[in-house]
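To start, the structure itself, in structure tokens.
The values are calculated or read from the model by the stated rules, or taken from the named source; none is laboratory data. Worth saying up front: this structure is predicted, and the values here are computed from it rather than measured. Here Cβ is always computed from backbone atoms with ideal geometry, including for glycine, and neighbour counts include all displayed protein chains. Heads up: the accessible areas ignore ligands, DNA and RNA and are worked out on the full protein's heavy atoms, side chains in. Shrake-Rupley method; radii C 1.70, N 1.55, O 1.52, S 1.80 Å.
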Amino acid sequence: IIVPRSGDRKQTVNLAMENAKKHFDLHFQDQFSISPSTISPLLLTIQEVLRLPSIPLRIEGYDISNISGVNAVGSMVVFINGKPSPQHYRIFKIKQTKGPNDFMMIREVISRRVSHHDKKFGELPDLFLIDGGPVQLRFAKEALEEADIRIPVISLAKREEWLYLENNPEPVCLE
């Protein structure tokens, strides 16, 4: 084994090491437990402000896209320790809901998500974040209750930038 100490070969080895680290981070990092010293301080603030029972190390966000109910899809984005985890992003084709009904579509997507327990989807999140207002929140909660899953859910009404919490009828406005 030859270990280059300088020059083009050393640069090639460094590039290979950098690529291997990026590949590992992208595909395997979240499979290892996060130590308390590496938890993002932002997550502690989120836990406090939203009065969550645990630190939301894994957050999944959901949004519905359609054109008058046609070609409808639900998208899932994932954040692990406050950082995007693109390898866990998913698109759900809306199969059961007909017509432009965002509420039932969000319920369908959440129901289908919690039914997946395979490695491809990863573990269930510590927090569900739903795009929409209190009605979308209610439909997402119904999907979780139906599956007998108790994970906090909040919704974000983007126009007003209000957060709706499960047990609080009044929205939370963050600075």
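For the stretch 104-124, which positions are of a type in the set (A, V, I, L, M) and either without any contact (Cβ under 8 Å) to a residue 40 or more places away in the chain or not in a helix (DSSP H, G or I) (or both)? Let's see the steps before the verdict.
Of the stretch 104-124, the ones of a type in the set (A, V, I, L, M) are 104-106, 109-110, 114, 124.
Selection gives M104, V114, L124.
Of all the residues that make up the stretch 125-175, how many are in a loop (DSSP other than H, G, I, E, B), touching a strand residue (DSSP E or B) at 6+ places or on another chain (Cβ under 8 Å) and at pLDDT 90 or above?
Applying the first criterion (in a loop (DSSP other than H, G, I, E, B)) to the stretch 125-175 yields 125-126, 132-133, 147-152, 158-161, 166-167, 174-175.
After this cut, where a residue has to be touching a strand residue (DSSP E or B) at 6+ places or on another chain (Cβ under 8 Å) as well, the list is 125-126, 132-133, 151-152, 158, 160-161, 166, 174.
When the remaining residues are screened for being at pLDDT 90 or above, the result is 125-126, 132-133, 151-152.
Looking only at that region, the number is 6.
Go through (1) under 22 Å from N167 (Cα atoms); (2) without any contact (Cβ under 8 Å) to a residue 40 or more places away in the chain; (3) among the polar types (S, T, N, Q) one by one and return the number of the condition S37 breaks.
It is condition (1) that S37 fails.
Which condition number in (1) more than 23 Å from N168 (Cα to Cα); (2) surrounded by 19 or more Cβ atoms within 10 Å (Cβ to Cβ) is the one that V73 fails?
Against the list (1) more than 23 Å from N168 (Cα to Cα); (2) surrounded by 19 or more Cβ atoms within 10 Å (Cβ to Cβ), V73 comes up short only on (2).
How many of the residues in the stretch 131-175 are open to solvent by 90 Å² or more (accessible area, probe 1.4 Å), closer than 23 Å to N66 by Cα and of a type in the set (D, E)? Steps first, answer last, please.
As a first pass, look at the stretch 131-175 and keep what is open to solvent by 90 Å² or more (accessible area, probe 1.4 Å): 138, 145-146, 148, 150, 158-159, 161, 167, 169-170, 174-175.
Going one step further and asking which of them are closer than 23 Å to N66 by Cα, we end up with 138, 158-159, 161.
This time we only want the ones that are of a type in the set (D, E), so: 161.
Result for the stretch 131-175: 1.
What are the residues in the stretch 108-130 that are under 17 Å from I46 (Cα atoms) and open to solvent by 20 Å² or more (accessible area, probe 1.4 Å), if any? Walk me through how you get there before you give the answer.
Taking the stretch 108-130 as the starting set, the residues that turn out to be under 17 Å from I46 (Cα atoms) are 125-130.
Passing the criteria: D126, L129.
Select from the stretch 47-70 the residues that are under 18 Å from L163 (Cα atoms), among the β-branched types (V, I, T) and open to solvent by 50 Å² or more (accessible area, probe 1.4 Å) and list them in ascending order.
Hit for the stretch 47-70 is V49, nothing else.
Exactly one of (1) open to solvent by 50 Å² or more (accessible area, probe 1.4 Å); (2) part of a helix (DSSP H, G or I) is unmet by P100. Its number?
Just one mismatch for P100, condition (2).
Which one of these does I67 not meet: (1) without any contact (Cβ under 8 Å) to a residue 12 or more places away in the chain; (2) under 28 Å from R51 (Cβ atoms)?
If we test I67 against (1) without any contact (Cβ under 8 Å) to a residue 12 or more places away in the chain; (2) under 28 Å from R51 (Cβ atoms), just (2) comes out false.
Looking only at the stretch 76-95, filter to residues that are open to solvent by less than 20 Å² (accessible area, probe 1.4 Å) and touching a Gly at 6+ places or on another chain (Cβ under 6 Å); which one of those is modelled with the lowest pLDDT? Write out each step before concluding.
The first filter runs over the stretch 76-95 and keeps only residues open to solvent by less than 20 Å² (accessible area, probe 1.4 Å), leaving 76, 78, 85, 88, 92.
Narrowing the set further to residues that are touching a Gly at 6+ places or on another chain (Cβ under 6 Å) leaves 88, 92.
On the way: H88: 91, F92: 94.
If we take residues in the stretch 76-95 being open to solvent by less than 20 Å² (accessible area, probe 1.4 Å) and touching a Gly at 6+ places or on another chain (Cβ under 6 Å), then H88 is modelled with the lowest pLDDT.
For V13, only one of the following conditions fails: (1) at pLDDT below 90; (2) assigned to a loop (DSSP other than H, G, I, E, B). What is its number?
V13 satisfies all of (1) at pLDDT below 90; (2) assigned to a loop (DSSP other than H, G, I, E, B) except (2).
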